[in-house]
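Data first, discussion second: the structure below is written as structure tokens.
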Amino acid sequence: MGLPMLRTRFRGAVALICSAAVGLAACTDRASVRFDLSMAEIGDVRDVVPATGTLKAESQVAVASELPGRIIEVAVQPNDAVRRGDVLARIKPDRMQLDLDAARAEGVASRAAVVEARARTAQVERHLANQEKLAQGGFISPAALDQAKADVDAARAAVARTEAEAHRAAIAVRAAEQGLAEVVIRAPIDGVVLSRAAEPGQLVSPSSETPLFVMVSDTRTMLIETMVSEADIARVNADVGVVFTVEAHPGRTFRGTIRRILMSPVQDRKFVSYPVVIEVDNPEGLLLPGMTAAVEFVHADARQVLRIPVEALYHVPEGYVPSLSAELAAALKRRGLDNLDGMIGAELGTILASGRQRVFIVEGDRVLSRAVKIGAESRDHVEVVDGLQPGTRVIVGAARHEVGEGR
């Protein structure tokens with residue numbers, strides 16, 4: 001009965017013979033054991049965490065009008081590159097001009113009031129000086145002198161009040177002038193106009209929820225915002241490779257790096273996920289904001305390599321007795337570890353120290369131990385870099401006896 005490329009039950013009895021390479025406890029000519037076998041085969045060894053995300057520019061700014069009005073000019077189109085301070089649109093300034101004219105008129109009136117108050121103050125001050133001379137000669141009463149002094153105090157207070165009003169009017173003029181200047185909407189950053197919702201004749205308001213323009217910074221660096229489930233987030237870190245594809249460029253794979261993993265969970269019903277932000281170089285400009293990215297966080301990605309099931313690394317045939325060097329056997333005996341478990345552990349430790357791992361293979365009617373060098377690993381398979389050939393039968397477990405099956 002032939003063996004398929006994937007795992008199968010090896011139905012034939014495999015005689016376990018004692019040899020210098022491998023020994024089995026209580027092996028006899030009549031002893032037979034059945035194993036689950038698999039062949040070393042050519043295939044892929046991939047270990048990835050899948051996710052889906054959306055591409056966006058590293059910096060994105062929404063631009064709105066700070067004042068109400070009607071748009072009279074739009075100076076840019078989507079995809080236009082602009083510099084900070086460039087004009088994006090202009091708003092009709094009629095109302096702003098009226099506000100400015102009113103503020104300026106109020107300023108003129110307040111300055112005139114200051115002049116008038118100062119003149120009145122000078123007048124009552126002269127009157128007070130005359131009253132003081134007359135009081136010295138006894139020509140007026142003390143009450144008249146007191147009234148003259150009170151008139152001076154009142155006039156001086158009026159000067160202070162009108163000067164304050166004039167200062168307030170000057171501030172109002174500057175505010176109106178600034179308001180008139182702000183009807184020109186300018187680019188807040190260097191970048192590209194991503195979208196435009198402004199048209200000539202359109203009424204705009206600062207309270208509008210839709211921005212007039214959306215701008216993005218230099219798109220040579222992009223970000224992907226993706227969500228990773230709580231079951232997989234422990235397997236995502238800064239050392240993991242990131243690859244992704246977009247529908248706009250089928251067959252092409254792009255690469256990125258993890259910028260940050262946010263600790264704020266997002267819960268959707270019973271499912272919990274964590275945001276992961278990926279940084280992507282975009283020198284050719286092929287990636288655009290809003291594209292959907294199919295992301296893979298890659299732990300292993302070996303294509304068309306020799307592989308075996310991962311279970312082959314951990315199964316030890318029942319009754320297996322390793323052949324140890326005399327020096328190692330003596331060391332185990334001194335420590336009281338010369339039992340079967342100690343010998344198997346010592347042999348495995350020696351193999352691991354050499355940078356290899358142990359598997360068991362079947363050659364003819366013999367079971368042999370083989371040290372192999374392992375490369376990429378996934379949950380199902382491991383890459384064999386050295387130590388096996390395609391088609392080698394490896395043991396992945398002990399077969400269970402079936403009802404009615406001979407022994």
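The values are calculated or read from the model by the stated rules, or taken from the named source; none is laboratory data. These numbers come from a predicted model, not from an experiment. Backbone-built Cβ (ideal geometry, glycine too); neighbour counts: all protein chains shown. With ligands, DNA and RNA removed, areas are computed over all heavy atoms of the protein, side chains included. Shrake-Rupley method; radii C 1.70, N 1.55, O 1.52, S 1.80 Å.
Relative to one another, the C-alpha centroids of the range 185-221 and the range 239-262 are positioned 29 Å apart.
Membrane-span-like helices in the chain, defined purely by DSSP H runs whose alpha carbon atoms cover 24 Å or more axially and whose average Kyte-Doolittle hydropathy reaches -0.5, are 142-181. In the range 225-378, Cα pairs under 8 Å separated by at least six residues give a relative contact order of 19 percent. Surface composition of the chain: carbon plus sulfur atoms hold 51% of the accessible area, using a 1.4 angstrom probe and ignoring ligands, DNA and RNA. Each Cα pair under 8 Å and six or more residues apart adds its sequence gap; the mean of these over the residue count of the chain is a relative contact order of 27 percent. Taking 30 Å as the straight-line reach from the Cα of K270, the lysines in range (excluding those fewer than 8 positions away in the same chain) are K56. Projecting the Cα positions of V243, A175, G85 onto the charge dipole of the chain (unit charges on Cβ atoms of Lys, Arg, Asp and Glu, taken about the Cα centre) puts V243 furthest along the positive direction.
Checking (1) 128; (2) 172; (3) 334 against volume of the Cα convex hull per residue in Å³ calculated from these atoms, the matching label is (3). A straight line joining the Cα centroids of the range 81-150 and the range 303-324 runs 100 Å.
Here the sum of -39500 (n - 2.57) over DSSP H runs of 4 or more residues, divided by the residues of the chain, equals -9500 deg cm²/dmol at 222 nm, to the nearest 500.
The residues of the chain present an accessible area of 58 Å² per residue when probed at 1.4 Å with all protein chains retained.
Loop-located trypsin sites (Lys or Arg not before Pro) in the range 150-237 (DSSP state other than H, G, I, E, B) with a sparse environment of at most 15 neighbouring Cβ atoms within 10 Å: R220.
Each of T350, I72, V295 was placed along the dipole of the chain (beta-carbon charges, centred on the mean Cα), and the one lying farthest toward the positive end is T350.
Around the amide H of A300, modelled in the peptide plane, lie the amide H atoms of D47, all under 5 Å away and 5 or more residues distant in sequence or on another chain.
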